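Worksheet: one structure, shown below.
The values are calculated or read from the model by the stated rules, or taken from the named source; none is laboratory data. Quick caveat, the model's predicted, so the values are computed rather than measured. Because the Cβ atoms are built from the backbone with ideal geometry, glycine has one as well, and the counts that use them run over all protein chains shown. Surface areas here come from the heavy atoms of the whole protein model, side chains and all, with no ligands, DNA or RNA. Shrake-Rupley method; radii C 1.70, N 1.55, O 1.52, S 1.80 Å.
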Amino acid sequence: MTLNRRGFLGAAAAASALAAPMVRAQARPRVVVVGGGAGGATAARYIAKDSQGAIDVTLIEPTRTYYTCFFSNLYIGGFRELSSIAHTYGTLAAEYGINVVHDWAVGVDRDARTVTLAGGGVVGYDKLVLSPGIDFVDGAVPGWDLSAQGRMPHAYKAGTQSELLKRQIMAMPEGGTYVMVAPPNPYRCPPGPYERISMVAHHLKTNNPTAKIIIADPKAKFSKQALFEEGWQKHYSGMIERIGPDFGGENVSVNPADMTVDIDGEVINADVVNVIPAQKAGAICDAAGLTEGNWAPVDGHSMVSRMDENVYILGDATNQGDMPKSGFSANSQAKAAAMAIRGALTGSRVFPAKYSNTCWSLIAPEDGIKVGAAYEPTAEKIASVSSFVSQTGEDAALRKTTYEESLGWYAGITADMFG
Amino acid sequence: MRRLLALVIVALAPMGPALADETAELIGDVERGERLFQQCRSCHQIGAGADNRIGPHLNGIFGRTAGALDGFRYSRSMERAFGDGLIWDLRTLDAYIENPRALISGTRMSYRGMADPQDRMDLLAFLRDNTASPQDIPESAPTAVRREVDLPPEILAIVGDVAYGEYLASECLTCHRRDGGDEGIPSITHWPEEDFVIAMHAYKRKLRPHPVMQMMAGRLNDEEIAALAAYFAALD
Ligand SMILES: Cc1cc2nc3c(=O)[nH]c(=O)nc-3n(C[C@H](O)[C@H](O)[C@H](O)COP(=O)(O)OP(=O)(O)OC[C@H]3O[C@@H](n4cnc5c(N)ncnc54)[C@H](O)[C@@H]3O)c2cc1C
C-alpha cells in the first residue's frame, strides 16, 4: 500500500493527482486531515497505522517543517536550539503511507464532501478531520494586526516568529523594556505566556540584569499563578511587573511604528513588544461553516463536529468543554477521533473515549512545574474528572524531576505525532 | 521480651473493599524482627556506627525520604522516588520489603521479598526501634497497614484484551515512548505482565507518590490494567 512518497510530497504533483474527477465508489474509504500539528499529525498517524492500509489518509499542511509551540519558550530562554523543535513529515509519508500534501486548504464543500486547496486541487473525503490550530481575532489589540507581526511579534505560532522574538530580546539595550500584551481567555496554552515571561526573565537576568519586564494582562487570574509568582519572586525579584485588569491591563493599544504601548493612558516606550492577541479557531473552520462564535463546537464522545457528522475537529480550534488548548489535549483528542473514524469506516472496535492533559512549565533552570487532569465526555462537554497541580514550596529535587519529565514527554509526544 | 509499644491499626483482611475490617494491634515483636533482619544484614547495617555497604545503612529509616543518603549510589529508580518525595513509613516500607520492585521498579536491591505479613511487621518493629528517636514518630501516624501490593490471584490472572490495551495505551504513549526510550520518563515496554500490574496498582492505591501516574492509574479498572500490561509486554 505504500504510496510513492515523492509523488505526493510536492503540492503541485499532489494537486494534479488529486484534481482528477472524483470517483465515489473508491476501493478504500478516504480520510482527509487538514493541519499537521499536534492534533492533525497524531490523527493521521493513528488512522493510517491502526487501519493497516484499509483507509486512505491524506494530510494537508502548508509548511514542510513544523515547529512545535511547546518548548518554543525554552528556545527563547536559551535551553534549546530551534532545530530541536523542528519536525518534518517524511516518516508519516514513507512509513505510514500517508499522502502528505503541502498546501493550504481554502474551502470545504460539505455536501460534495470535498476540500479545495489554494493550489487549485480538490480532494474528496468520506471523513474530514480539521485541526488547524488558532488564528487571531481582528482588532483585538488596537493598533496591531498581522502586518505588525514583524515589529511586534506574537511568537504564538512557532518558527520564524520565535526566532524574531528571541533576536529582539537579545538585542535589547542595557536596562531596556520588554512588554507582553497577554491574551484574554480562552487561548492556546494557558500557562504559555507566563512560562514565556519566566524564560525572558532568565535570559535578561543573565545578560541584561537591569532590564524590565511588563505584562499587560486582561485576566484577573492566570494558570499556575501562585507557582509562577513564587518562582518570579525567588529567581527574578524586582524584574517583572504585571498590570492586571484592576489597573487597566485590559485597556491596551499599541503603536508599532514608534514602538509604544498605551496601558490605560500611560504610554510606555518599549524595546520589545510581544503582542499575544485574542484567539479563535483556525480560519478554515469558519470557512467550512462549523463555528459558533470563535470556536468549533464538538461532541466529546468522538470529537465529531456538532454540525456535521462527517467532520471531526481537534485541538485548539474546538469548543469541547474543560480541556485546555494544549498540544497534549490535541494529541489525546486525536486518538479518540481516530478510533471513532476507523470504527465508522471499517467497523473496528470503538471503546469509550478517555482524555488527559498535563502541561509542564519551566520557571528557571531545573525549576519545573506541572498541572494536569483526566477527562471524560458527558452529553454536554468533556468534563474534568480528576486533577493535580505542583505545589508552592516544593523542594529542588522534585522540581528537577518535574523538569526532566517534561523532556521525556517532549520526546514521547513528538514521536507519537511524527512517528 | 521487648515489645514495641506502638499501637497501630493492622488490616487483617487481605485487601480491597474488605479493608474496613481493621483492628488495633501491636506492630510486631522486636526480638523476632531482629532475627529476621539476618536476611538483610548481608547488605545493610543498622545500629551504632552503621555505615553504607552494598545497601544504605538503615538507621533512622522511618521518616527518611527514599534514596536520601549522601554518599550512597542509588539506582535511577530510587533517585526518581527521592525526587518524587517518597517517604519511608510503615506502609511504604511494608510494600518495599514485601516486593521491592512493586514500589521501585528498577531498584538495585536484589532481595526477593518477604511474603509473610507478620514477619514484615516484626521486622519493621525492629527497624523502628533503631530509628534514632522513635518517640518522635507519632504512635498512630501510619494508621492503616494495608496489603497494598499483595494482589489477589484473581487480579493477577486476568487475561488482558490486547485490542483494548492498544487503545488505552495510546494515552500512555504521549509520555512513555514506544521505542522504550527512558529519558526523563521510565520505559514501560517489555515488562513481565505481573510486575506491570503490581506497579500500576501501587499508583492506583497512592502507595507510589507520583501525581500524574496516580491519576492515570486511578481511573483504570483491573481489566484495563491487565489489558495494558498485555499490550506493552507484547509490543514489538
Ligand atoms: C509558547 C507556547 C507554549 C506551549 N507549550 C505547550 C506545552 O508545554 N504543552 C502543551 O501541551 N501545549 C503547549 N502549547 C500549545 C500547543 O502548541 C497547541 O495547543 C497545539 O499545537 C494545538 O494543536 P492543534 O493541532 O490544534 O494546532 P497546531 O499544532 O497549531 O497545528 C495546526 C496546523 O494546521 C496548519 N493549518 C492551519 N490552517 C490550515 C489550512 N487552512 N490548511 C492546511 N493546514 C492548515 C498549520 O500550519 C499548523 O501546522 C504551547 C503553545 C505556545 C504558543
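Annotations
- Shielding score for B:207-219, defined as the mean number of other chain Cβ atoms within 10 Å: 4
- With the whole protein complex present, B:R178 retains an accessible surface near 100 Å², based on a 1.4 Å probe.
- For chain A, the share of accessible area belonging to carbon and sulfur comes to 50 percent (1.4 Å probe, ligands and nucleic acids excluded).
- Derived scalar couplings ³J(HN,Hα) [the range A:409-419; Karplus, 6.51 cos²θ - 1.76 cosθ + 1.60; whole Hz; x for Gly, Pro]: 4, 4, 4, x, 5, 6, 5, 6, 7, 10, x
- Taking A:T116, A:T42, A:T210 and ordering them by how much accessible surface each has at a 1.4 Å probe, largest first, produces A:T210, A:T116, A:T42.
- Within the protein assembly as shown, the percentage of alpha carbon pairs spaced more than 32 angstrom apart rounds to 56%.
- Taking only protein heavy atoms and a 1.4 Å probe, the accessible area of the range B:153-234 is 56% carbon and sulfur.
- Shielding by partners - mean other protein chain Cβ count within 10 Å, residues of B:163-172: 5
- From phi via Karplus (6.51, -1.76, 1.60), per-residue ³J(HN,Hα) for the range A:156-163 in Hz, x at Gly/Pro: 9, 10, 7, x, 4, 5, 5, 4
- B:Y164 - accessible surface, heavy atoms, 1.4 Å probe, Å² rounded to 10: 40
- Amide H partners (placed H, <5 Å) of A:A155, local residues excluded: none
- For the chain pair B and A, buried accessible area totals roughly 2600 Å², probe 1.4 Å, rounded to the nearest 100.
- A rounded overall shape is assigned to the range A:146-277, the ratio a/c of its alpha-carbon gyration tensor axes (a ≥ b ≥ c) being less than 1.5.
- Cα-centre dipole for the protein assembly as shown with unit charges at Cβ (Lys and Arg positive, Asp and Glu negative), debye to 20: 1140
- Taking every residue in A:404-414 and counting other chain Cβ atoms within 10 Å of its Cβ, the average works out to 6.
- Accessible area (Å², 1.4 Å probe, nearest 10) - A:E366: 90
- For the protein assembly as shown, the per residue solvent-accessible surface stands at 40 Å², with DNA, RNA and ligands left out and a 1.4 Å probe.
- Long-range amide H partners of A:V273 with built H, under 5 Å: A:V179
- Whichever lysines have a C-alpha closer than 19 Å to that of A:K400, once near sequence neighbours (fewer than 8 apart) are set aside: A:K224, A:K234, A:K370
- Rounded Å value of the spacing that divides the Cα centres of the range A:253-301 and the range A:121-145: 13
- Here the range B:153-234 is assigned +1 on the Cβ of each Lys and Arg and -1 on the Cβ of each Asp and Glu. Its dipole about the Cα centre then comes out at about 400 debye.
- Residues whose amide H comes within less than 5 Å of that of A:I60, counting only those at least five positions distant or on another chain, are A:V33, A:V34, A:G35, A:V101 (H built at 1.01 Å from N in the peptide plane).
- Computed from phi, the 3J(HN,Hα) profile of the range A:242-257 under the Karplus parametrisation 6.51, -1.76, 1.60 (θ = phi - 60°) reads 10, 9, x, x, 5, 10, x, x, 9, 9, 10, 9, 10, 10, x, 5 Hz, with x in place of Gly and Pro.
- Remark: the range A:146-277 carries a charge dipole of roughly 560 debye about the Cα centre, counting +1 on each Lys and Arg Cβ and -1 on each Asp and Glu Cβ.
- Qualifying lysines (Cα of each under 16 Å from Cα of A:K280; at least 8 residues distant if same chain): A:K157, A:K325
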